[in-house]
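The values are calculated or read from the model by the stated rules, or taken from the named source; none is laboratory data. Note that the structure is predicted; figures quoted are calculated from it, not measured. Counting neighbours? That spans all protein chains shown, and the Cβs are built from the backbone with ideal geometry, glycine included. Ligands, DNA and RNA are stripped out before the accessible areas are found, and what is left, the full protein with its side chains, is counted by its heavy atoms. Shrake-Rupley method; radii C 1.70, N 1.55, O 1.52, S 1.80 Å.
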2 protein chains.
Amino acid sequence: MKKFSNLPSDLVYESMLGFAAAHARLVNVHLDPLFVTRKNPNRSKVALISGGGSGHEPLHTGFVGVGMLDAACPGQVFTSPTPNQMLAAAKAVGSDAGVLFIVKNYAGDVMNFQMAMDMMDLEFASVLVNDDVSFDAGAHTAGRRGVAGTLVVEKIVGAAAERGDDLAACKRLGDQVNGRTASMGVAFTSCTVPEAGVATFEIGPQEMEIGVGIHGEPGRRRAAFEPAGAIVAELMAAILKDLAPRKGQEVLLHVNGLGGTPLMELYLLYQLANEHLGSAGLVPVRSLVGNYTTSLEMAGASLTVTLLSEEMKALWDAPVVTPSLRW
Amino acid sequence: MKKFSNLPSDLVYESMLGFAAAHARLVNVHLDPLFVTRKNPNRSKVALISGGGSGHEPLHTGFVGVGMLDAACPGQVFTSPTPNQMLAAAKAVGSDAGVLFIVKNYAGDVMNFQMAMDMMDLEFASVLVNDDVSFDAGAHTAGRRGVAGTLVVEKIVGAAAERGDDLAACKRLGDQVNGRTASMGVAFTSCTVPEAGVATFEIGPQEMEIGVGIHGEPGRRRAAFEPAGAIVAELMAAILKDLAPRKGQEVLLHVNGLGGTPLMELYLLYQLANEHLGSAGLVPVRSLVGNYTTSLEMAGASLTVTLLSEEMKALWDAPVVTPSLRW
């Protein structure tokens with residue numbers, strides 16, 4: 001295992017110090033307990049807080065800022081943050097307008113966010129993100145997993161909170177966006193958790209894992225490697241089966257790299273998925289291509305489709321100023 | 001070799017179709033010959049044009065837009081674009097204000113840009129970028145190589161052109177930024193050129209290539225893998241020896257991923273390099289961390305330091321609206 005690190009056990013901490021230094025004009029990093037807040041929180045709005053295991057950067061810390069998250073709590077690599085982190089973050093950014101927790105559907109995250117919510121003394125609600133259509137249950141999961149669609153929920157609800165929507169409206173919108181979002185990924189390689197030091201799973205040089213989870217969880221099937229066209233067709237078929245969109249529906253198409261796949265290949269996937277959507281009678285009107293919800297250095301990618309309403313489109317377009325998403 | 005592609009020979013073309021579709025509001029992609037222009041070129045300003053082999057994305061195509069490049073010409077993977085592409089790009093975006101070519105110092109790029117310049121009927125100048133301090137000559141090079149510092153030249157000169165600086169001023173500034181910028185990288189793995197189908201070089205599981213080039217060219221030395229602190233110390237020593245800055249100098253610190261290294265590790269490098277600069281009496285006032293000048297899926301990173309003047313700092317901060325750099 002070759003990684004840029006000193007002690008693997010210090011990697012998250014040292015990395016967060018670098019994140020703090022590199023983005024000092026946008027965020028504050030609190031070290032004990034560890035959480036990130038946007039510079040100059042706006043206390044008159046609903047506070048959006050997310051979090052999860054590290055190793056998926058820029059999710060979630062890179063999305064803290066104006067128009068998106070108010071705070072993010074990073075755990076150790078692929079390990080849920082603690083209730084203590086979540087409560088400290090809520091105390092730092094929360095107000096009488098309430099706190100909305102955005103939680104990816106993994107047993108550890110769900111349990112720890114629930115423990116934090118049980119101890120909250122501010123008004124709160126939560127949105128559970130479970131956009132992964134590949135698989136309904138698995139070792140790390142309690143039902144469908146939350147993957148790259150989490151960014152879409154965070155961006156759209158972040159814009160709604162920024163314009164002043166109340167807690168109930170933000171919660172309702174978050175559930176709506178999650179319900180209109182579906183994702184599925186594929187891995188060509190495993191990743192290596194620094195403190196484990198060995199690959200999370202074995203995969204042959206001519207194999208791929210269709211429907212892989214963002215921690216390397218098993219997908220739908222282990223398959224022989226295929227050309228990109230066949231891969232996109234399989235992922236898009238599963239996504240569109242789940243979403244069952246009407247013809248003419250406007251959509252957001254998000255191609256997400258898992259960490260080790262060149263941008264050139266992600267754009268090729270975008271082209272193929274875009275064509276596929278067109279053939280299915282859908283209208284891709286917004287796009288996002290890049291490494292946003294990663295699995296350390298895993299080679300692979302996921303496709304995410306969100307069925308957009310006019311309101312969701314406007315909220316997607318609203319200004320966002322974070323370390324890793326900005327327009 | 002597992003890559004998202006249909007025919008490896010079509011990867012650049014299909015990828016550019018996806019790039020065009022994903023960023024239709026920011027750029028136009030011209031297919032024959034292949035080049036990218038910003039939407040609604042401003043014909044009253046100096047036109048900045050760059051280009052080079054594909055496989056380094058987002059460099060250069062991702063930097064086309066307001067405040068940065070007017071056009072970019074992508075070649076095949078790790079292969080110079082042709083003079084024909086450069087001339088077509090110049091025709092599309094050039095005007096009486098002149099054209100500034102930004103050229104990375106590789107024999108093929110230099111030769112082809114020179115051939116294009118020999119056929120230009122607009123006023124033009126060029127800036128040769130050679131920020132890599134690792135090595136003075138090599139198989140693909142004619143002197144120091146142009147690597148991740150190219151982005152810094154393109155951003156700062158792009159802002160100068162946008163505010164109306166004339167051709168001579170843009171050329172002078174570009175040379176100045178290049179002269180005040182130094183970079184050095186390290187690779188943990190090779191990359192695989194799609195049409196070659198085999199790794200560009202061999203490297204053992206406990207080895208690293210210090211001073212690697214962005215096409216996998218040999219660096220200063222093949223070394224045993226070391227903790228991040230030792231790697232950063234070696235890269236920064238070479239960079240600061242080259243720049244010989246005065247104490248108190250303000251600098252830009254750019255940590256660039258080569259494609260296969262997680263963002264978490266890049267932030268750890270930022271932290272270590274930032275500390276190193278502080279110890280050397282320098283003041284990092286601007287930062288950029290991410291995969292910007294890549295080598296396909298190579299695991300590794302480079303550090304770039306630019307000695308900032310007040311003017312350069314203001315130009316760095318000026319608005320930029322491109323697919324991959326935006327503020």
State which residue is farthest from the other protein chains (Cβ to nearest Cβ) when the search covers only region A:224-233 and only residues that are open to solvent by 10 Å² or more (accessible area, probe 1.4 Å) and assigned to a helix (DSSP H, G or I).
A:Ala233
Starting from region B:37-61, take each residue that is assigned by TED's automatic domain parsing to the domain that holds B:Leu122 and list its partners that are open to solvent by 10 Å² or more (accessible area, probe 1.4 Å) and basic (Lys, Arg), counting only C-beta distances under 8 angstrom and pairs at least six apart or across chains.
B:Lys39/B:Arg25
Cβ pairs under 6 Å, 6+ apart or interchain, first in region B:300-322 and within 14 Å of B:Gly179 (Cβ to Cβ) and touching a residue at least 12 places away in the same chain (Cβ under 8 Å), second basic (Lys, Arg) and open to solvent by 20 Å² or more (accessible area, probe 1.4 Å), ordered by first then second residue, are B:Thr306/B:Arg180; B:Leu307/B:Arg180
B:Pro8 fails exactly one of the following numbered conditions: (1) within 30 Å of A:Pro205 (Cα to Cα); (2) open to solvent by 30 Å² or more (accessible area, probe 1.4 Å); (3) modelled with pLDDT of 95 or more; (4) not aliphatic (A, V, I, L, M). What is the number of that condition?
(3)
Among B:Leu122, B:Leu128, the single one that is surrounded by fewer than 24 Cβ atoms within 10 Å (Cβ to Cβ) and within 18 Å of B:Val177 (Cβ to Cβ) is B:Leu128
Mind checking which residues of region A:170-201 are open to solvent by 20 Å² or more (accessible area, probe 1.4 Å) and among the hydrophobic types (A, V, I, L, M, F, W, C)?
A:Val193, A:Ala196, A:Val198, A:Ala199, A:Phe201
When you go through A:Ser324, A:Ser279, A:Ser309 one by one, which is the residue that is within 11 Å of chain B (Cβ to nearest Cβ), open to solvent by 10 Å² or more (accessible area, probe 1.4 Å) and of a type in the set (Ser, Thr, Tyr)?
A:Ser324
Among the candidates A:Ala116, A:Ala97, A:Ala72, residue that is surrounded by 19 or more Cβ atoms within 10 Å (Cβ to Cβ) and assigned to a helix (DSSP H, G or I)
A:Ala116
Quick one: B:Lys155 ticks every box in (1) of a type in the set (D, E, K, R); (2) in contact with a helix residue (DSSP H, G or I) (Cβ under 7 Å, 6 or more places away or on another chain); (3) in a loop (DSSP other than H, G, I, E, B) except a single one, so which number is it?
(3)
Mind checking which residues of region B:21-51 are within 13 Å of chain A (Cβ to nearest Cβ) and open to solvent by less than 10 Å² (accessible area, probe 1.4 Å)?
B:Val27, B:Val36
Take the conditions within 21 Å of B:Leu17 (Cβ to Cβ), open to solvent by 40 Å² or more (accessible area, probe 1.4 Å), within 12 Å of chain B (Cβ to nearest Cβ) and not in a strand (DSSP E or B) and apply them to A:Glu265. Does it pass?
no
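Residues are listed down the side, and each one gets a yes or a no for (1) in a strand (DSSP E or B); (2) of a type in the set (Lys, Arg):
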| site | (1), (2) |
| --- | --- |
| B:Lys3 | no, yes |
| B:Ser9 | no, no |
| B:Val12 | no, no |
| B:Ser15 | no, no |
| B:Ala20 | no, no |
| B:Asn28 | yes, no |
| B:Val36 | yes, no |
| B:Arg43 | no, yes |
| B:Gly51 | yes, no |
Single condition A:Ala90 does not satisfy, out of (1) open to solvent by 10 Å² or more (accessible area, probe 1.4 Å); (2) farther than 23 Å from A:Met312 by Cα
(1)
Pair list, Cβ < 6 Å and 6+ apart or interchain, from region A:2-18 residues that are more than 7 Å from chain B (Cβ to nearest Cβ) to residues that are among the β-branched types (Val, Ile, Thr) and open to solvent by 10 Å² or more (accessible area, probe 1.4 Å):
A:Met16/A:Val29
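Yes or no, residue by residue, for (1) of a type outside the set (Gly, Ala, Ser); (2) within 14 Å of chain A (Cβ to nearest Cβ); (3) closer than 24 Å to B:Gly62 by Cα; (4) surrounded by fewer than 17 Cβ atoms within 10 Å (Cβ to Cβ):
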residue: B:Gly216; (1), (2), (3), (4): no, yes, yes, no
residue: B:Leu235; (1), (2), (3), (4): yes, yes, no, no
residue: B:Glu250; (1), (2), (3), (4): yes, no, no, no
residue: B:Gly257; (1), (2), (3), (4): no, yes, yes, no
residue: B:Thr261; (1), (2), (3), (4): yes, yes, yes, no
residue: B:Gln271; (1), (2), (3), (4): yes, yes, no, no
residue: B:Asn274; (1), (2), (3), (4): yes, yes, no, no
residue: B:Gly290; (1), (2), (3), (4): no, yes, yes, no
residue: B:Glu297; (1), (2), (3), (4): yes, yes, yes, no
Identify, from the list A:Leu31, A:Leu7, A:Leu11, A:Leu69, the residue that is of a type in the set (A, V, I, L, M) and either under 18 Å from the mean Cα position of the chain (by Cα) or within 20 Å of A:Met115 (Cα to Cα) (or both).
A:Leu69
Matching option when the condition is in a strand (DSSP E or B) and of a type outside the set (A, V, I, L, M), among B:Gly185, B:Gly197, B:Gly248
B:Gly185
Of the residues in region B:305-324, those that are of a type outside the set (A, V, I, L, M, F, W, C) and assigned to a helix (DSSP H, G or I) number 4
